[in-house]
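The block underneath contains the structure these notes are about, expressed in structure tokens.
The values are calculated or read from the model by the stated rules, or taken from the named source; none is laboratory data. Quick caveat: nothing in here was measured; it's all calculated off a predicted structure. Cβ placement follows ideal geometry from the backbone for every residue including glycine, while neighbour counts extend to all protein chains displayed. Each accessible area value is taken on the protein alone, full model and side chains, heavy atoms only, with ligands, DNA and RNA left out. Shrake-Rupley method; radii C 1.70, N 1.55, O 1.52, S 1.80 Å.
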Amino acid sequence: MKSLALILALAVATPAHAGVWDDAIRTEDEQAAQDTYDLALRVGDDHVLVANVEGGSTSERRQQLKYAIDAYRRAAAAKPTAAEPYFRIAEAMYSFYFEDCQVSLSLSGAYPPLRGCPDASSFSAPAASIVVEAWDAAESLAPLDPRFSPSTLSSVAPSRTLISQNILFDRAILNTKLGTTDSLIAARRDYEAILDRSGVEGFGSNRQVYNNLAETLMMLGDLDGAIEWYREACRRSSDPSTWYGYAVALDRAGDATIARKIITKLGVKAFQEFSESVAEGDTFFVPYGEQFYYFGLIAESLGDARAAVDNFDRFIHSGAHPMYQARAKEHLQLLTTAGTPLRSLPKRGFRE
């Protein structure tokens, strides 16, 4: 049997859990706030779990999601310096509205995604804004939180599933789809942060960050920057969408000859692969109408003047990216005086 002296010695030598001391020095108001915070987080988590129950209707699950978000916001109000409530708001909303249906774990792995699985063509701007604002708030409170590290991005395989495990990347995608100047600038900032924190060569086999940064810069009107990053992306990928983006950037910068050579070299098969990617939502364009510039330039380069005219005309009437409207009109002027198309191509993709 241990002596009382030894037991006391061990007790002194063993440090108490930090929470014990925290509780001891808190004022009554601070303790009450902590209790409210802890309870609100638990209530929010419980509503998320209820929302995941199999068989529940979409409206029921959406209501549970609302209850969860309200609870997390109460937690944030009780403890304004805590980032965790904002992480949970973002994760719950993201998993319900945007998480790929095939992904089996949420970002933190704390609970399964809500699996709202909306149709890929239906983008909820209000939901995206809530997610982005929550991540922004979390980052302002905890900028060094490892969840903002790009370390979970794969440098081995450019898998969408692996890429989607990174907050910076997902926030950039949502900001891109929101499509405002401010949101595009924020998306650019996240892509640059990923590359800065990981090192450019750390993404040697993952072209997606380079490609998306280039596309974002083109959307912001920075063609020189877009071309530079498209070159980096093309060094790492044979994906048609990357090369078509590079060609469009070159064309808009006035280098139509090289742009046509790139598209001609890719050929009809690459066009078919690209058009399928667009149709399935794997490749998206912001705002709506931007895709018609791509299809117009591809059709023109491959010799289908009729489809080129149709798509450039649709791009102009869509109002997408006014800074590139004049260039589209130049194409139209050349095409409408060029005569008969050189050859006929499959129309799938050139026209919707």
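Observations, loosely collected:
- Residue in the stretch 68-80 that is modelled with pLDDT of 95 or more, in contact with a helix residue (DSSP H, G or I) (Cβ under 6 Å, 6 or more places away or on another chain), assigned to a helix (DSSP H, G or I) and surrounded by fewer than 16 Cβ atoms within 10 Å (Cβ to Cβ) present: no
- Taking the listed residues Val248, Val278, the one that is within 21 Å of Gly319 (Cβ to Cβ), of a type in the set (Val, Ile, Thr) and at pLDDT 95 or above is Val248, with no other qualifying.
- Selection within the stretch 273-283 - part of a helix (DSSP H, G or I), touching a residue at least 40 places away in the same chain (Cβ under 8 Å) and in contact with a helix residue (DSSP H, G or I) (Cβ under 9 Å, 6 or more places away or on another chain): Phe274, Ser275, Val278
- Inspection of the stretch 252-261 identifies at least one residue that is closer than 24 Å to Arg207 by Cβ and open to solvent by less than 50 Å² (accessible area, probe 1.4 Å).
- Test result for Leu162, at pLDDT below 95 and either assigned to a loop (DSSP other than H, G, I, E, B) or closer than 21 Å to Ala68 by Cβ (or both): no
- The set of residues in the stretch 234-261 that are closer than 22 Å to Met323 by Cβ, touching a residue at least 12 places away in the same chain (Cβ under 8 Å), assigned to a helix (DSSP H, G or I) and hydrophobic (A, V, I, L, M, F, W, C) comprises Ala247, Val248, Ala249, Leu250, Ala259.
- So Pro85, is it modelled with pLDDT of 95 or more, part of a loop (DSSP other than H, G, I, E, B) and under 24 Å from Asp136 (Cβ atoms): no
- Residue satisfying condition, being modelled with pLDDT of 80 or more, surrounded by fewer than 20 Cβ atoms within 10 Å (Cβ to Cβ) and small (Gly, Ala, Ser), within set Ser104, Ser59, Ser95, Ser3: Ser59
- Criterion: open to solvent by 20 Å² or more (accessible area, probe 1.4 Å), under 30 Å from Leu174 (Cα atoms) and polar (S, T, N, Q) - qualifying residue of Gln272, Gln333: Gln272
- Lone unmet requirement of (1) at pLDDT 85 or above; (2) within 21 Å of Asp239 (Cβ to Cβ) for Ser198: (1)
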